[in-house]
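Read the structure below first, then the notes.
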Amino acid sequence: MAGRISQPTNQKRLTNVSVVRLKKGGKRFEIAAYPNKVISWRNKVETDIDEVLQTPKVFTNVSKGEFAKIADLKKIFDTDDEIEICKLIIAKGDLQVSEKERAAQLESMFKDIATIVADKCVHPETKRPYPVTMIEKSMKSMHFSVKPQKNTKQQALEVIKQLKETETLEIQRALMKLRVVVPGKEGKKVRDKIRKLALQVEEDNFDVDLEMVILVDPGCYREVTDIVSTGTKGKGQVDLLTLKEVEEGEEKL
């Protein structure tokens, strides 16, 4: 009876995998991940690393099933914690996919980005949201290129900025409605700073305490809370009244 040939212990063959490759320190390192999960991880949709990795090991060649040497990992990554190294490779490595898979991935991300933009933005005068199809058309007309390694939320913010700069579409972030309450004498100095940030002031009452209702760009929310917190030594208050000020119905062509 012929002897059974065992697979070397430093090898593991995998099928139906997505490979992420990173070149570092003159060497190539790869991980084996489940198809589509790498993008979900990068977009912070998937947060369980076990759902992403087919095996929590670092390879030099996934297709041949060859594991990386622990000594090389320690030397190049300053750690032998393979889970942490896998996370680094997912974040910074190149996802190896076929042209067909890459095209499908980019198309999916393109639609996701357009959907985020449509959800966050409105026409500046009518305050109505744009349909996703109109955002997609505008992205194509300004030749927006999807970056597979960047998450879709970051790229959506880039699209909004480019749409404004190129005047491809009249667009602005849907405004956030806030109530600001500041006790006593701190009200005056805080009031001037808040008015500079507000795109619209709906209420501005200053009797004993200052109470304002304002509309601001969502990107200014942290700045408003910092002004109130610092100017009142934590005694002031900022309440979120409406996350998005949007009129009913979609913007028409």
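The values are calculated or read from the model by the stated rules, or taken from the named source; none is laboratory data. A quick note: this is a predicted structure, and the numbers were derived from the prediction, not measured. So basically every Cβ, Gly included, is an ideal-geometry build from the backbone, and we count neighbours across all protein chains shown. What goes into the accessible areas is simple: the full protein's heavy atoms, side chains included, and nothing from ligands, DNA or RNA. Shrake-Rupley method; radii C 1.70, N 1.55, O 1.52, S 1.80 Å.
Close amide-amide hydrogen proximity is noted between C121 and A174, each under 5 Å apart and 5 or more residues distant or on a separate chain (H modeled in the peptide plane; Pro and chain starts excluded). For the set R42, R102, the ranking by accessible area, highest first and with no ligand, DNA or RNA atoms included, is R102, R42 under a 1.4 Å probe. Once the Cα atoms are used to define both axes, helix 221-232 deviates from the longest principal axis of the chain by about 60 degrees. Taking Cα centre as origin and charging only the Cβ of basic (Lys, Arg, +1) and acidic (Asp, Glu, -1) residues, the dipole magnitude of the chain rounds to 1280 debye. Remark: accessible surface ordering of T168, T55 (largest first) is T168, T55, probe radius 1.4 Å. Site pair A104 and T79 shows an inter-label distance of 3.3 nm when each label is modelled 7 Å from Cα along Cα→Cβ. With both labels modelled 7 Å from their Cα along Cα-to-Cβ, the D209 to K140 distance reads 5.3 nm. Taking amide H as placed 1.01 Å from N in the peptide plane, the amide H of S18 sits under 5 Å from that of A33, Y34, each at least 5 places away or on another chain.
The long axis of helix 152-166 is offset from the longest Cα principal axis of the chain by roughly 50 degrees. Using a Gaussian network model of the chain in which every pair of alpha carbons under 10 angstrom is joined by a spring, one finds that among G26, G184, G236 the greatest mean-square fluctuation is at G26.
Scalar couplings 3J(HN,Hα) for region 75-83, obtained by applying the Karplus form with A = 6.51, B = -1.76, C = 1.60 to θ = phi - 60°, are 5, 8, 9, 6, 6, 10, 6, 5, 5 Hz; x denotes Gly and Pro. At a probe radius of 1.4 angstrom, the accessible area of the chain per residue rounds to 61 square angstrom.
With contributions of -39500 (n - 2.57) from each DSSP H run of at least four residues, the per-residue ellipticity at 222 nm computed over the chain stands at -12000 deg cm²/dmol. Put simply, when 94-101, 170-177, 225-232 are sorted by average Cβ atoms within 10 angstrom per residue, most first, you get 170-177, 225-232, 94-101.
Here the spin labels are modelled as points 7 Å beyond Cα on the Cα-Cβ line, and at R21 and T47 they lie 3.3 nm apart.
Just to verify a number: FRET efficiency for K147 and Q96, C-beta to C-beta distance, R0 = 22 Å, to 0.05? Efficiency computed from Cβ-Cβ geometry: 0.85. Between amide H atoms placed 1.01 Å from N, distances below 5 Å from E66 occur with K12, T60, N61, all of them 5 or more places distant or on a separate chain. Expressed as a whole percent, the accessible surface of region 108-253 that belongs to carbon and sulfur atoms is 47, based on a 1.4 Å probe. Between K127 and S40, the C-beta separation translates, for a Förster distance of 45 Å, into a calculated FRET efficiency of about 0.85. In this calculation the C-beta distance from V201 to K161 is compared with R0 = 25 Å, giving a FRET efficiency of 0.45.
About the centre of its Cα atoms, region 52-180 shows a dipole size close to 460 debye [charges on the beta carbon of Lys, Arg (+1) and Asp, Glu (-1) only; nearest 20 debye].
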